[in-house]
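S.K.: Below are the structure tokens for one structure; questions will follow.
The values are calculated or read from the model by the stated rules, or taken from the named source; none is laboratory data. Just so you know, these numbers come straight off a predicted model, no measurement behind them. Counting neighbours? That spans all protein chains shown, and the Cβs are built from the backbone with ideal geometry, glycine included. We work out accessible area using only protein heavy atoms, side chains counted, and drop any ligands, DNA or RNA first. Shrake-Rupley method; radii C 1.70, N 1.55, O 1.52, S 1.80 Å.
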Amino acid sequence: MAMIDEPLYPIAVLIDELKNEDIQLRLNSIRKLSTIARALGEERTRKELIPFLSENNDDDDEVLLAMAEELGVFIPYVGGVEHANVLLPPLETLCIVEETCVRDKAVESLCRIGAQMREQDLVEFFIPLLKRLAAGEWFTARVSSCGLFHIAYPSAPEALKTELRTLYGQLCQDDMPMVRRSAATNLGKFAATVEAPHLKVDIMSMFDDLTHDDQDSVRLLAVEGCAALGKLLEPQDCIAHILPVIVNFSQDKSWRVRYMVANQLYELCEAVGPEPTRSDLVPAYVRLLRDNEAEVRIAAAGKVTKFCRILNSELAIQNILPCVKELSTDSSQHVRSALASVIMGMAPILGKDATIEQLLPIFLSLLKDEFPDVRLNIISKLDQVNQVIGIDLLSQSLLPAIVELAEDRHWRVRLAIIEYIPLLASQLGVGFFDDKLGALCMQWLKDKVYSIRDAAANNVKRLAEEFGPDWAMQHIVPQVLDMINNPHYLYRMTILHAVSLLAPVMGKDITCSKLLPVVINASKDRVPNIKFNVAKVLQSLIPIVDQSVVEKTIRPCLVELSEDPDVDVRYFATQTRQSSDQQMMMSS
């Protein structure tokens, strides 16, 4: 043991652990492959470590996944790009295993290595590997091969390029649906490397095969190919080849394919351009908005604003708005929620008159929806409507709905409204707030649910920050301080919490003259919970007020509390005294 060179001893252990029966030890060793390689040196890594890994047919997927990941960044440890080809054999083995995530990681690592390899090495080593995988007997090899074509193709000589295109065409017609799925997924990446003449002929022929596949799982992946290919083709070819496919897919018998079209529609519109969108895709989109599957309607409803941006307001009002009205009363709450999250964005597109006449009634019906998420999605985007129709109209129509939500029986709805109040306040301005929402904010401080009271205290602080201390002194502080005499001790505790939050915003003068006397007074409360909360609040006030105030007012109060009969009150009072003493010592 002593004979082994000291720095290499841990390496020997790591190499032994690669063969250990304990999976955790093997995993640990695989994750330290770079350390092993650095210790062995580039030549021994190439001649000993990599062949060992190629033969290492570990049966645990976790270990194989870690190995696939490590090998992707291994080029520096084998002597640089000129020796990158030695990393291909172990990764080729990993491309054939049954576990999908291991194969995917191996393909990702091969792509990373292939992107750095020299052109002659790609032709000599990478393309033969790709051909072996593509002709593999086991379907997993063929699945993996689809993800490598876009790396190999640009460097291949002309004859090999033809062979690679033919190979990919065969994979698109493979007997196994899993292989065809992989071919459909990677078609866009491969197409981006193919020359324009072959793109129109070979790639479009493969695309055509995939769009007519009898498996819906293959067809839905071909939908993504529509957008990718549309960006590569000339506009006229796009209209000739891609547009009919999108229109057919929007009427596909499988709802999953229609869902995919609805989800990708905006990208598909970008691919074909604005004119064909208006003439051919509007009817297709209307069909999707009225689809009999809720999932398809959800995806389509979520894209309504993006789609309307491509159209002019006239077309949107004529074709899309009737569907939006139907969706606002859809039987599925998730459809209504998806619509509510984007419908506000339609206001700038439609303009003031159409928003007031057509959209406002839909907003209000969604604001009164029985499902909380629908209501919240509307409230969170109100500023978009405010910009279009102006504050007066918005407040007239909106306020009753907000008041209703503020008193909702579901406490989560009340909580969400509170969180939006500062946003509403900043959007709607101080005048509107004073008249309409001020009373609500005070009401929440006396809510039965603690989370609401806590949020209301934070809300008071955020409003003071928004409108400034002078406004807060007039409209918030007096009402908050009045509540300290509430008979219920939990409400008194909320007010103490609100005071501790308001103090930093209000500044030392108002804290000393208005807030501190209320806290000191509360130290004589009969409920111990109030008294030890007073001690906590005083701790937060000490940094704000002058040292003389601490000496004259705060310290005597803490001394009194530290002699209280209740053990918790004594504890918190003592804690605060000690921390104030430390602060004094540090400042002096």
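S.K.: Output the 0 to 90 degree angle, nearest 10, between the alpha-carbon long axis of helix 450-467 and the longest principal axis computed from the alpha carbons of the chain.
M.R.: Result, in degrees: 90.
S.K.: Can you find, among A503, P89, V194, the residue farthest towards the positive end of the dipole of the chain? Put +1 on the C-beta of Lys and Arg, -1 on that of Asp and Glu.
M.R.: Final value for the positive-end residue is A503.
S.K.: Kindly give the semi-axes, whole Å and largest first, of the ellipsoid equivalent to region 446-588, taking each as the square root of 5 times a Cα gyration tensor eigenvalue.
M.R.: Working: eigenvalues 115, 77, 28 Å².
The three semi-axes for region 446-588 are 24, 20, 12 Å.
S.K.: Kirkwood Rh and Cα-based Rg: tell me the resulting Rg over Rh for region 444-514, rounded to two decimals.
M.R.: Working: Rg = 11.4 Å, Rh = 12.1 Å.
Reported Rg/Rh, Kirkwood definition of Rh: 0.95.
S.K.: Work out the length of the dipole vector of the chain about its Cα centre, built from +1 on the beta-carbon of each Lys and Arg and -1 on the beta-carbon of each Asp and Glu, and round it to the nearest 20 debye. Display every interim value, and only then the final one.
M.R.: Numbers: 59 positive and 81 negative charges, 417 e Å.
It comes to approximately 2000 debye.
S.K.: Still on this model: Might you report the magnitude of the Cβ-based charge dipole of region 198-271 about its Cα centre, with Lys and Arg at +1 and Asp and Glu at -1, to the nearest 20 debye?
M.R.: Values: 6 positive and 12 negative charges, 45 e Å.
Dipole size: approximately 220 debye.
S.K.: How far apart, in nm, are the 7 Å Cα→Cβ label points at D353 and S579?
M.R.: 6.3
S.K.: Could you state the number of Å between the C-alpha centres of region 35-96 and region 239-297?
M.R.: With region 239-297 and region 35-96 each reduced to a Cα centre, they are spaced 46 Å.
S.K.: If you don't mind, another one. Just to make sure I understand: if all protein chains stay in place, what is the order of E224, E43 by accessible area at 1.4 Å, largest first? Mind showing how you got there, number by number?
M.R.: Working: E224 80, E43 100 Å².
The residues order as E43, E224, largest area first.
S.K.: Checking the cross-link filter: which lysines have an alpha carbon closer than 18 Å to that of K524, excluding same-chain neighbours under 8 positions apart?
M.R.: K514, K536, K552
S.K.: Can you give me the angle between helix 100-116 and the longest principal axis of the chain, using Cα atoms only, in degrees from 0 to 90, rounded to the nearest 10?
M.R.: 70
S.K.: Could you compute Rg(Cα) / (2.2 N^0.38 Å) for region 517-587, with N its residue count?
M.R.: On the way: Rg = 11.2 Å, N = 71, 2.2 N^0.38 = 11.1 Å.
After normalising by residue count via 2.2 N^0.38 Å, the value is 1.01.
S.K.: Here is a further query. Using protein chains only and a probe of 1.4 angstrom, how many square angstrom of T574 are accessible, to the nearest 10?
M.R.: Approximately 50 Å² of T574 is accessible to the 1.4 Å probe.
S.K.: Could you please tell me the mean projected area of the C-alpha convex hull for the chain, averaged over all directions and given in square nanometres to one decimal?
M.R.: Numbers: hull surface 157.0 nm².
Quarter of the Cα hull surface area: 39.2 nm².
S.K.: So how much accessible area does I75 have, in Å² to the nearest 10, using a 1.4 Å probe?
M.R.: Number for this one is 10 Å².
S.K.: May I ask for the distance between the Cα centers of region 507-525 and region 108-136, given as a whole number of Å?
M.R.: Result: 75 Å between the Cα centres.
S.K.: Hey, another quick one. Could you state the principal axis extents of the C-alpha atoms in region 49-156, from the largest down, to the nearest angstrom?
M.R.: That works out to 35, 30, 18 Å along the principal axes.
S.K.: At 222 nm, what helix-only mean residue ellipticity would the chain give, in deg cm²/dmol to the nearest 500, using -39500 (n - 2.57) for each DSSP H run of four or more?
M.R.: Per the formula, -19000 deg cm²/dmol.
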